[in-house]
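What follows is a set of notes on a single structure, which appears directly below.
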Amino acid sequence: DAKTTQPNSMESNEEEPVHLPCNHSTISGTDYIHWYRQLPSQGPEYVIHGLTSNVNNRMASLAIAEDRKSSTLILHRATLRDAAVYYCILSSDSGNTPLVFGKGTRLSVIA
Amino acid sequence: DSGVTQTPKHLITATGQRVTLRCSPRSGDLSVYWYQQSLDQGLQFLIQYYNGEERAKGNILERFSAQQFPDLHSELNLSSLELGDSALYFCASSVGSYQPQHFGDGTRLSIL
């Protein structure tokens, strides 16, 4: 699987939008971009995924660059509960293949 | 609640011992994955089963083994335990192609 690069940590104020970047310059045409997050003392949790177009769900939005070499996870209004490690992962088929986790971005939310 | 159940939540044992970790996947999910999370190595894939058959192997030690039973639950067996095996062990399941993996809350294994 192709490698992703994320900042080690980010900080946000509560109720402000958060933009978490991910670079994946060696992404292949069949790779989907997945985001998972891991809250303290819990297992990773699926957030969102996409291939080419921007995606929205109840948790977040995913903005994918036109060349697909980078993407941004957007939390529209950060809450204290969003403090977690966020992982950007490339996978051609996450349902049938193992996920390769990097170090992720540790998001801190300040009240 | 992800629907994936792992037992036990905590396990404390001594070096040289053998333990079994259990995972019940979400109802209907045929794929089960095991991951290990340690402070120095991060989250690493160990092994995958699909409908009872081994499908993929990652950085799993020879002292470790797993299986998936006909009712789709899975067990991870760790033997001849060493201090370095202390970690969180997560199980994940997936229903099929292009679907997310859903993780349990893990088993924390402490080797004394």
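The values are calculated or read from the model by the stated rules, or taken from the named source; none is laboratory data. Predicted model only: the values in this text are computed from it and were never measured. Note that we place each Cβ from the backbone using ideal geometry, even for glycine, and neighbour counts take in every protein chain shown. Ligands, DNA and RNA are excluded from the accessible area calculation, which covers all protein heavy atoms including side chains. Shrake-Rupley method; radii C 1.70, N 1.55, O 1.52, S 1.80 Å.
Things to note:
- Subset of the stretch B:40-67 [within 12 Å of another protein chain (Cβ to nearest Cβ), out of contact with any Pro (no Cβ under 8 Å at 6 or more places or on another chain) and either aromatic (Phe, Trp, Tyr) or open to solvent by less than 60 Å² (accessible area, probe 1.4 Å) (or both)]: B:Gly42, B:Gln44, B:Leu46, B:Ile47, B:Tyr49, B:Tyr50, B:Ile60
- Among residues of the stretch A:66-111, those that are under 21 Å from A:Thr52 (Cα atoms), away from chain B (no Cβ under 14 Å) and either free of Cβ contacts under 8 Å to residues at least 24 places away in the same chain or of a type in the set (D, E, K, R) (or both), counted: 4
- Only one of the listed residues (B:Asp29, B:Asp40) is within 18 Å of B:Asp105 (Cβ to Cβ) and charged (D, E, K, R). That residue is B:Asp29.
- Of the residues contained in the stretch B:76-86, one or more are found to be surrounded by fewer than 21 Cβ atoms within 10 Å (Cβ to Cβ), more than 7 Å from chain A (Cβ to nearest Cβ), more than 27 Å from A:Val85 (Cα to Cα) and without any contact (Cβ under 8 Å) to a residue 60 or more places away in the chain.
- Any hit, the stretch A:65-79, residues being closer than 29 Å to B:Gln36 by Cβ and more than 11 Å from the chain's Cα centre (by Cα): no
- Odd one out for B:Thr7 among (1) more than 11 Å from chain A (Cβ to nearest Cβ); (2) free of Cβ contacts under 8 Å to residues at least 60 places away in the same chain; (3) surrounded by fewer than 17 Cβ atoms within 10 Å (Cβ to Cβ); (4) farther than 19 Å from B:Pro100 by Cβ: (2)
- Restricting the stretch A:66-94 to residues that are surrounded by 17 or more Cβ atoms within 10 Å (Cβ to Cβ) and not in a strand (DSSP E or B), the residue that is modelled with the lowest pLDDT: A:Ser94
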